[in-house]
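Heads up, the thing below is written out as structure tokens.
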Amino acid sequence: MKAIVIGSGVISSAHIEAYRKKGIEIASIVDPVREAREKAAETWGIPHTAATLEEALAYHPDVASLCTPNYLHAPHAVALLEAGVDVISEKPMARTVRECDAMIEAAERTGKRLFVAHSQRLYPPHQHLIDVMRAGTLGKPVMVISTFIGDEYRRMNDPANWKGDFEHSGGGVLIDNGSHMINMLLGAFGPVESVESIGTRALIQPEHKAEDTSVVNLKFRNRTVASLTVTFVARACSFPKGYCGCAIRTEVVAEKGFVTAGNGTPAFQIVDNEGNTLERYEKENEVPAPRPNVLAHILDCIRDGSEPFVTMYDARETVRVIEAAYRSAREGVRVSL
Ligand SMILES: NC(=O)c1ccc[n+]([C@@H]2O[C@H](COP(=O)([O-])OP(=O)(O)OC[C@H]3O[C@@H](n4cnc5c(N)ncnc54)[C@H](O)[C@@H]3O)[C@@H](O)[C@H]2O)c1
């Protein structure tokens with residue numbers, strides 16, 4: 001297998017490392033910013049660089065990683081799939097459901113494979129939460145409180161950076177870190193029935209930027225209700241900063257017990273209604289997780305033809321819920337799905 005990586009920014013190193021660990025050759029790294037692509041090529045010993053995707057296709061890759069701002073995911077994915085290349089897109093899949101549909105249509109038409117690297121869905125506390133909820137041993141889930149408190153203040157407040165810019169990102173914190181949590185909640189609790197949301201650009205200055213903080217209330221078809229809070233401006237977050245400088249936490253009140261999952265201490269715990277601790281893991285890496293790394297998992301799926309834990313349809317559903325949440329915030333209404 002031969003790979004190319006599109007975009008040489010923050011997340012590209014995770015993709016490069018994943019290819020290297022699997023012994024997959026990276027033929028070229030693509031970035032219009034010359035210094036950025038040459039620095040990455042030098043750091044990782046990648047033999048070629050390219051300014052455009054079209055140039056990199058000359059190396060006949062089998063697989064490509066999209067590590068670019070969100071507005072480029074759909075056009076690049078479609079071009080790659082049509083060129084016969086399997087695609088691993090970063091999350092969110094795209095800015096809108098319409099863009100997701102164009103990507104899915106191209107994958108279905110060409111028979112090539114399209115994956116979305118929803119890394120947090122395979123984050124051990126989240127994976128285990130999903131497995132426990134799906135197993136049903138705690139009875140009906142009732143109420144969920146979920147939060148992702150993060151710090152992207154600098155990039156989002158920079159008018160020239162794509163982060164949190166409507167046009168290039170598709171929204172603010174909700175479509176960004178929020179997409180991790182919506183995807184995880186869909187995995188644990190199933191389809192969403194309705195969404196109510198409010199967002200605010202509380203601290204971020206540039207007028208063309210979207211919300212830096214958002215609250216989303218979800219009602220699932222199984223009657224569970226969830227409240228998700230996400231922010232990009234927690235520069236003095238007092239939560240433990242174990243995972244990408246953020247606090248990621250979910251609590252579930254279920255019929256037969258209470259679950260805590262995330263990057264605090266403990267990283268995962270289940271207590272039953274009699275007060276017995278059924279499971280408890282202090283640290284994230286102690287939580288049982290059969291697929292600990294999303295990119296390794298996706299590369300295994302490409303190699304053996306198996307289905308990923310998060311399909312392109314799941315990733316599209318995440319964007320559909322987010323789109324409904326943005327509509328709710330904009331129009332001040334509850335949106336049914
Ligand atoms: N899974 C995660 O936890 C996680 C973490 C960070 C970012 N991401 C996702 O990864 C993507 C990239 O985010 P980032 O933080 O690495 O961004 P970044 O700004 O650090 O890097 C993006 C790179 O893409 C390059 N680029 C711009 N236009 C391009 C083009 N036409 N062709 C090729 N390259 C181009 C830019 O020059 C830049 O180097 C986003 O979709 C983001 O949501 C995911």
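The values are calculated or read from the model by the stated rules, or taken from the named source; none is laboratory data. What you are looking at is a predicted structure, and each value in this text was computed from that prediction instead of being measured. Positions of Cβ are generated from backbone atoms using ideal geometry, with glycine treated the same way; all protein chains shown enter the neighbour counts. The accessibility values were calculated without ligands, DNA or RNA, using every heavy atom of the protein model including side chains. Shrake-Rupley method; radii C 1.70, N 1.55, O 1.52, S 1.80 Å.
Numerical summary
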| item | result |
| --- | --- |
| Angle in degrees between helix 97-110 and the longest Cα principal axis of the chain, rounded to the nearest 10 | 60 |
| For region 184-337, size of Cβ-based charge dipole, Lys and Arg +1, Asp and Glu -1, in debye | 420 |
| Å² per residue, accessible surface of region 1-118 at 1.4 Å | 42 |
| Estimated FRET transfer efficiency when R0 is 35 angstrom, pair Tyr59-Ala160 (beta carbons, to 0.05) | 0.70 |
| In nm, spacing of pseudo-spin labels at Asn285 and Glu207 (7 Å Cα→C-beta vector) | 4.9 |
| Between 0 and 90°, nearest 10: helix 73-82 axis offset from the chain longest Cα axis | 60 |
| Options Ile4, Leu122, Gly264, ranked by Cα towards positive dipole end of the chain, top entry (Cβ charges) | Gly264 |
| Other-chain or far-sequence residues with amide H under 5 Å of Val87's (modelled H) | Ala64, Arg113, Leu114, Phe115 |
| Student exercise, the chain dipole from Lys, Arg, Asp, Glu Cβ charges, in Debye to nearest 20 | 420 |
| Label-point gap, in nm, between Ala79 and Ala135 - each point 7 angstrom along Cα→Cβ | 4.6 |
| Sites Phe258 and Glu25, calculated FRET efficiency, Cβ-Cβ separation with R0 35 Å, nearest 0.05 | 0.15 |
| Folded to 0 to 90 degrees: helix 124-135 orientation relative to the chain principal axis, Cα | 60 |
| Local net charge near Pro159, Cβ-Cβ under 15 Å (Lys/Arg +1, Asp/Glu -1) | -1 |
| Karplus-derived HN-Hα couplings along region 247-260 (A = 6.51, B = -1.76, C = 1.60, θ = phi - 60°), whole Hz, x at Gly and Pro | 10, 10, 8, 9, 10, 10, 8, 10, 3, 10, x, 10, 10, 10 |
| Listed pairs Lys163/Lys219; Lys91/Lys163; Lys2/Lys91; Lys22/Lys163; Lys21/Lys112 exceeding 19 Å between Cα atoms | Lys163/Lys219; Lys2/Lys91; Lys22/Lys163; Lys21/Lys112 |
| Options Val132, Gln205, Leu57, ranked by Cα towards positive dipole end of the chain, top entry (Cβ charges) | Val132 |
| Mean residue ellipticity (222 nm) of the chain, computed from DSSP H runs ≥ 4 via -39,500 (n - 2.57), nearest 500 | -10000 deg cm²/dmol |
| Fully extended contour minus Cα-Cα distance, from Ser13 to Ser227, at 0.36 nm per residue | 73.8 nm |
| Relative contact order computed over the chain (Cα-Cα under 8 Å; 6+ residues apart), in percent | 18 |
| Unit charges on C-beta of K, R, D, E only; dipole of region 1-60, Debye | 240 |
| Gap separating the Cα centres of region 114-146 and region 45-110, nearest whole Å | 28 |
| ³J(HN,Hα) computed for each position of region 45-57 - Karplus, 6.51 cos²θ - 1.76 cosθ + 1.60, integer Hz, glycine/proline x | x, 8, x, 10, 10, 9, 7, 9, 4, 4, 4, 6, 5 |
